[in-house]
């Protein structure tokens, strides 16, 4: 176990670190940041004698865009004499300047993420002297990937987490395991936050569009909601109710099948059942669950899948369940049909089903929907879905083949 001290850059010292200039402004290297680096005597002297100004700026910008560490940044000046490189590497003031501007929040976030990744085992914060005491033990590369996969699994399915890890390994490109895992986690977290916010916005847009749609009652009566405020209000209330009270999104929820209580909780079954087991279980439950009639169960399934997608964006199981419920509900609300098609196409693309497995799944899904809703518009929608899914599958194979072909030519 090794222990070292990490300074908090929010403290006071000879340099006013709270007033460091921004490094990049509007995708352009900040002149103030360049001036800060060159205000260091060692860097100024070496740059003036050995590094053209334009090349210096390019090297700094590349280092920031590629998230290079300080030593990697100095090593990028590969034309410098080894003596000059050593002088730059040992200059602590220059190192402080390079890592500016790092706030207290930045330091805390970095320490927390490194701890999550197992790069740091334990840490303590000295608030009085403003530093972190950090302890770490060397681990194997495989161990770091296992920890990263476990982190991914908190926010997506186990199967998708494994695919993400394989992608991270493919894109490592000689980088250290520490940098590889740090970059992968940072990209994943920010991507996840963006998708969660987008999902929330989409849900609100769906509600607004639903309130302006034309619906058809089960008796065949067509109603334009904007012209019927009373019915419009009822539809909006129902949408909100089935979202916040969605029974299948509750932990420890149970359904009743043939008088017997059975587990029916998406949070509990997520990562316990595989993709197809979870999908068919909940599609079958809409008809078999005796705690509600079929259409009520479908509305609960829609709300539940929406809530799960808010927590776990782009999990194909939940997208399929949402699509199924939208197809059924589109019988009375035709405006839902486009969303239903989009969700199933995205789910199939994410799940990476191929060949007969892909066709079999689509055909079973179509049969499940058409058990409860038949019509020319449904047939047209499913023909479109089948064509798009097969085309996307063939396109992925073609891209994979091209990449391998180009890779082989480069290596030769």
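Things to note:
- The sole residue among 64, 117, 88 that is touching a residue at least 12 places away in the same chain (Cβ under 8 Å) and within 30 Å of residue 273 (Cβ to Cβ) is 117.
- Residues that are within 19 Å of residue 294 (Cβ to Cβ) and surrounded by 13 or more Cβ atoms within 10 Å (Cβ to Cβ) do not occur anywhere in region 347-356.
- Scan region 149-180 for residues that are farther than 22 Å from residue 269 by Cα and assigned to a helix (DSSP H, G or I) and the total you get is 10.
- You will find that of 65, 75, the residue that is assigned by TED's automatic domain parsing to the domain that holds residue 46 and modelled with pLDDT of 90 or more is 75 and no other.
- Matching residues in region 109-124 - criterion: being surrounded by fewer than 16 Cβ atoms within 10 Å (Cβ to Cβ) and either at pLDDT below 85 or on the phi > 0 side of the Ramachandran plot (or both): 109
- Residue match in region 78-89 (condition: under 33 Å from the mean Cα position of the chain (by Cα) and either surrounded by 14 or more Cβ atoms within 10 Å (Cβ to Cβ) or assigned to a strand (DSSP E or B) (or both)): no
- Residue within region 149-156 that is surrounded by fewer than 16 Cβ atoms within 10 Å (Cβ to Cβ) and at pLDDT 90 or above present: yes
- Highlighted here are the strands (runs of 3 or more DSSP E) found entirely within region 193-277 that include at least 1 residues which are farther than 20 Å from residue 317 by Cβ and outside the structural domain of residue 305 (by TED's automatic domain parsing): 214-216, 222-224.
- When the residues of region 254-279 are filtered to those that are touching a residue at least 24 places away in the same chain (Cβ under 8 Å) and closer than 21 Å to residue 362 by Cβ, the one that is surrounded by the most Cβ atoms within 10 Å (Cβ to Cβ) is 279.
- Restricting attention to region 331-353, the residues that are touching a helix residue (DSSP H, G or I) at 6+ places or on another chain (Cβ under 6 Å) and outside any helix (DSSP H, G or I) total 1.
- Scanning region 47-68 for residues that are part of a helix (DSSP H, G or I) and under 24 Å from residue 176 (Cα atoms) yields 58, 59, 60, 61, 62, 63, 64, 65.
The values are calculated or read from the model by the stated rules, or taken from the named source; none is laboratory data. Since the structure is predicted, the reported quantities are computational estimates derived from the model, not experimental observations. All Cβ positions, glycine included, derive from the backbone under ideal geometry; neighbour counts span all protein chains shown.
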